[in-house]
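Asker: This structure is in structure tokens; I'll ask about it shortly.
The values are calculated or read from the model by the stated rules, or taken from the named source; none is laboratory data. In this text the structure is predicted, and so the values were computed from the model without any measurement. Glycine gets a Cβ as well: all are built from the backbone with ideal geometry, and neighbour counts include every protein chain shown. Remember, those area values only see protein heavy atoms, side chains included, never the ligands or the DNA or RNA. Shrake-Rupley method; radii C 1.70, N 1.55, O 1.52, S 1.80 Å.
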Amino acid sequence: KEIGSSLDSTSFEVGDYSYDSGFRAIQKLLKKDKVPDAVCCFNDDMAIGAMGAIREVGLEMPIHIAVTGFDGSFAAAYAYPPLTTVHRPVDKMAQMGIDALLQTIQGDDVIQHISLDPELVIRKSS
């Protein structure tokens, strides 16, 4: 498909953020008429589950299907093949939340907008 093309309901499956739901979602997608070129998963656990289902049917990443996750979890680097993922700066997010809470407790006015940039970590799954 061209970049920017619209998606229809046959282009995706819904999961519950778990390894098993990623595995089952890809099983459903692989039973459709055309094997997708790429799969973007909501989190790394689902992506690693999807990779297991892809390997189970004898396909290889990224040769047959590219797979990406979202989280930047520790497991992503050790998946087979290592998972391309979008890393969220969770440590920074947590620290900023704690700082804002402490400022609020001290009576400071803490209304602010903060934007933290995610980082694309390209590995062997894409």
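Asker: When the accessible area of region 51-124 is split by element with a 1.4 Å probe, what percent falls to carbon and sulfur?
Answerer: 58
Asker: Take every Cα pair under 8 Å in the chain that's 6+ residues apart, average their separations, divide by the length, and report that relative contact order as a whole percent.
Answerer: 22
Asker: Once you order the gyration tensor axes a ≥ b ≥ c over the Cα atoms, which shape class does the chain get: rounded for a/c under 1.5, otherwise prolate or oblate by comparing a/b with b/c?
Answerer: Because a/c hits 1.5 or more and a/b exceeds b/c, the chain counts as prolate.
Asker: Could you sort 84, 68 by accessible area so the largest value comes first, with the probe set to 1.4 Å?
Answerer: 68, 84
Asker: Using only protein heavy atoms and a 1.4 Å probe, report how much of residue 120 is accessible, in Å² to the nearest 10.
Answerer: 110
Asker: Could you please put 12, 74, 23 in sequence from largest to smallest accessible area, using a 1.4 Å probe?
Answerer: Order by accessible area, largest first: 74, 12, 23.
Asker: State the number of lysine pairs found in the chain whose Cα atoms come within less than 25 Å, restricting to pairs 8 or more positions apart or on distinct chains.
Answerer: 8
Asker: Could I ask something else about it? When Lys and Arg each count +1 and Asp and Glu each count -1, what net charge do the other residues less than 15 Å away from residue 79, Cβ to Cβ, add up to?
Answerer: Around residue 79, the surrounding residues sum to -2.
Asker: Once every DSSP H run of n ≥ 4 in the chain is given -39500 (n - 2.57) and the sum is divided by its residues, what mean residue ellipticity at 222 nm do you get, rounded to the nearest 500 deg cm²/dmol?
Answerer: About -10500 deg cm²/dmol.
Asker: Assign unit charges at the C-beta atoms only (+1 for Lys and Arg, -1 for Asp and Glu), then state the dipole size of region 1-115 relative to its Cα centre in Debye, rounded to the nearest 20.
Answerer: So the dipole magnitude of region 1-115 works out to roughly 440 debye.
Asker: What accessible area, in Å² to the nearest ten, does a 1.4 Å probe give for residue 105?
Answerer: 120
Asker: Within the chain, which is the longest segment that contains none of the GluC sites (Glu not before Pro) sitting in a DSSP loop with at most 16 other Cβ atoms within 10 Å?
Answerer: 61-126
Asker: Taking only protein heavy atoms into account and a 1.4 Å probe, give the accessible area per residue of the chain in Å².
Answerer: 69
Asker: Find out how many positive minus negative residues lie around residue 42, taking Lys and Arg as positive, Asp and Glu as negative, among other residues whose Cβ is under 10 Å from that of residue 42.
Answerer: -4
Asker: Rounded to the nearest 0.05, what FRET efficiency do residue 64 and residue 116 have when you use their Cβ-Cβ distance and R0 = 41 Å?
Answerer: 0.75
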